[in-house]
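Engineer: Before anything else, here's the structure in question.
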Amino acid sequence: MRIVFTIGTSTGGVGTHLHALARDLAAAGHEIGVIGPAATDEHFGFSLLPGVRFGVLELGTGIGASDAALIRRQRTLLRSFAPQIVHAHGFRAGLITLLTLRTLKSRPKFVLSLHNQASGQGLRGRVETRVETMLARGTDLVLGASTDLVDRARELGAQTARFLPAAAPEVTPVSAEAAAATRANLAEEFDFDPGALIVLAVGRVAKQKNYPMLVRALARLGEGNRQAQGNRQNEGNRQTEGNQPSEIVALIAGAADDEVLAEVRAQYDDAAAASAIPALHFLGPRDDIAELAAAADIYALTSVWEARALVLQEALISGKAIVATATGGSAELVGDAGILIDHDDDAAFAEAVAELAVDPARRAELGTRARARGAELPDEREVAEELAGLYTELVSAQVG
């Protein structure tokens, strides 16, 4: 089949997912084209994949007068690719692609993948709903990365909507020695005890990730530690430390929106000035996520919403004790293999971390459950094969 993907600006999970699809479908013998911004190609290397052609389309983030030029450009690109299937990823790519396809006399089948929910309020929210509705009704197939996205598409009138997971990349096993070395290096770099309990969050410092909730939870943990210390002093230090770690340290690995990072840093500094709380360190973009996860004791996901976070899947595959917000597709992904809390509930988050901090057996139990659940997740090749089957159904129906 001749398949063209369209994508907007991406540096995270959507681009990673599409890179795997393009790679595996091309390897299976399909003719693959990818249309998107040059920066997205530079980040993911679509044009470097064997059997994949890339066409530049500088999709911005807002609707405006320049969209007419984008439609003309994409029409030219599609005519050169002559696809049987055009598959857009995300609202912005989907909108421009739908408008472009409406200008073609002979239209290929149109597939839309939804990876995020619309979150606008007021006028913006009403505009987003209109776009969502137009997309749902204008596609031959809507694919949701979580079941709530599938349900939303059906509510808005999608002809056919199905769930298709975005699979996590293969996770390379990390030896105990490598994990210990990573922990030691982190402890030296950020000046904390190697025996500290490490809470790791992986993801861009952006509003969706809700790191302010993490800061509030750290403040609660600091208060809880002070109360515990006071109780031990009042009891004449008769209680032993047992499995209590010497300290708790939170690490955030990922790129950052500068404005959001500044806000979270300021919030943390204010909380730290008021009282002692666990340390929080921003690691920035990293290429050793597997090693960081192996070195950590708890994996944290504080997001306002996630469809099917790749980093959460990686945490499951790595066998980490997980504390995550039960939003979007996270609850169905994690199940009983982690501790799920309500959105923005810093008290519940702090309570879960405090419980796990003093109970290594519980952490190990959750890690075992996570690894078992991770082993059941489909890999990238399996997802590509499932998608190829859906494409075949569409093309066969068109021919018939």
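The values are calculated or read from the model by the stated rules, or taken from the named source; none is laboratory data. Predicted model only: the values in this text are computed from it and were never measured. Counting neighbours? That spans all protein chains shown, and the Cβs are built from the backbone with ideal geometry, glycine included. Calculation scope for accessible area: heavy atoms of the full protein, side chains included, ligands and nucleic acids excluded. Shrake-Rupley method; radii C 1.70, N 1.55, O 1.52, S 1.80 Å.
Engineer: As an exercise: evaluate Ser396 against (1) surrounded by fewer than 23 Cβ atoms within 10 Å (Cβ to Cβ); (2) farther than 20 Å from Gly254 by Cα; (3) modelled with pLDDT of 95 or more and give the number of the one condition it does not meet.
Structural biologist: Ser396 satisfies all of (1) surrounded by fewer than 23 Cβ atoms within 10 Å (Cβ to Cβ); (2) farther than 20 Å from Gly254 by Cα; (3) modelled with pLDDT of 95 or more except (3).
Engineer: Does segment 24-33 contain any residue that is part of a loop (DSSP other than H, G, I, E, B), touching a residue at least 12 places away in the same chain (Cβ under 8 Å) and charged (D, E, K, R)?
Structural biologist: No, the conditions are met nowhere in segment 24-33.
Engineer: State whether one or more residues within segment 372-386 are charged (D, E, K, R), modelled with pLDDT of 95 or more, on the phi > 0 side of the Ramachandran plot and open to solvent by 50 Å² or more (accessible area, probe 1.4 Å).
Structural biologist: no
Engineer: Out of all the residues in segment 56-79, is one or more among the charged types (D, E, K, R), within 27 Å of the chain's Cα centre (by Cα) and not in a loop (DSSP other than H, G, I, E, B)?
Structural biologist: Within segment 56-79 (the criterion being among the charged types (D, E, K, R), within 27 Å of the chain's Cα centre (by Cα) and not in a loop (DSSP other than H, G, I, E, B)), the answer is no, since none of the residues qualifies.
Engineer: Determine whether Glu365 is at pLDDT 95 or above, farther than 22 Å from Ala167 by Cα and surrounded by fewer than 20 Cβ atoms within 10 Å (Cβ to Cβ). Break it down stepwise before answering.
Structural biologist: Numbers: at pLDDT 95 or above: yes; farther than 22 Å from Ala167 by Cα: yes; surrounded by fewer than 20 Cβ atoms within 10 Å (Cβ to Cβ): yes.
Yes: the conditions hold for Glu365.
Engineer: Return the only residue of Gly90, Gly138, Gly94 being within 22 Å of Tyr391 (Cα to Cα), of a type in the set (Gly, Ala, Ser), surrounded by 20 or more Cβ atoms within 10 Å (Cβ to Cβ) and more than 25 Å from the chain's Cα centre (by Cα). Write out each step before concluding.
Structural biologist: Details: Gly90 fails: more than 25 Å from the chain's Cα centre (by Cα); Gly94 fails: more than 25 Å from the chain's Cα centre (by Cα).
It is Gly138.
Table: residues versus (1) touching a Gly at 6+ places or on another chain (Cβ under 8 Å); (2) β-branched (Val, Ile, Thr); (3) closer than 30 Å to Val4 by Cα; (4) part of a helix (DSSP H, G or I).
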{"site": "Leu356", "(1), (2), (3), (4)": "no, no, no, yes"}
{"site": "Arg362", "(1), (2), (3), (4)": "no, no, no, yes"}
{"site": "Gly367", "(1), (2), (3), (4)": "yes, no, no, yes"}
{"site": "Ala370", "(1), (2), (3), (4)": "yes, no, no, yes"}
{"site": "Ala375", "(1), (2), (3), (4)": "no, no, no, yes"}
{"site": "Glu386", "(1), (2), (3), (4)": "no, no, yes, yes"}
{"site": "Thr392", "(1), (2), (3), (4)": "no, yes, yes, yes"}
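Engineer: Also, I was wondering about something else. When you go through (1) open to solvent by less than 60 Å² (accessible area, probe 1.4 Å); (2) without any contact (Cβ under 8 Å) to a residue 24 or more places away in the chain; (3) outside any helix (DSSP H, G or I) one by one for Asp41, which number turns out not to apply?
Structural biologist: Going through the list (1) open to solvent by less than 60 Å² (accessible area, probe 1.4 Å); (2) without any contact (Cβ under 8 Å) to a residue 24 or more places away in the chain; (3) outside any helix (DSSP H, G or I), Asp41 breaks only (3).
Engineer: Counting only residues that are crowded, with 21+ Cβ neighbours inside 10 Å and outside any strand (DSSP E or B), which one in segment 1-14 is farthest from the chain's Cα centre (by Cα)?
Structural biologist: Just the residues of segment 1-14 that are crowded, with 21+ Cβ neighbours inside 10 Å, to begin with: 3-8, 10, 13-14.
Checking which are outside any strand (DSSP E or B) leaves us with 8, 10, 13-14.
Values: Gly8: 16, Ser10: 12, Gly13: 5, Val14: 8 Å.
Out of the qualifying residues, it is Gly8.
Engineer: Which one of the conditions (1) within 28 Å of Asp287 (Cβ to Cβ); (2) at pLDDT below 95 does Gly242 fail to meet, given that it meets all the rest?
Structural biologist: Condition (1) is where Gly242 drops out.
Engineer: Hey, another quick one. Does segment 318-325 contain any residue that is in contact (Cβ under 8 Å) with a residue 40 or more places away in the chain and farther than 22 Å from Ala350 by Cα?
Structural biologist: Yes: one or more hits.
Engineer: On to the next question. Of all residues being farther than 29 Å from Arg381 by Cβ and part of a loop (DSSP other than H, G, I, E, B) in segment 158-212, which is most open to solvent (accessible area, probe 1.4 Å)? Just the residue, please.
Structural biologist: Per the criteria, the residue is Asp191.
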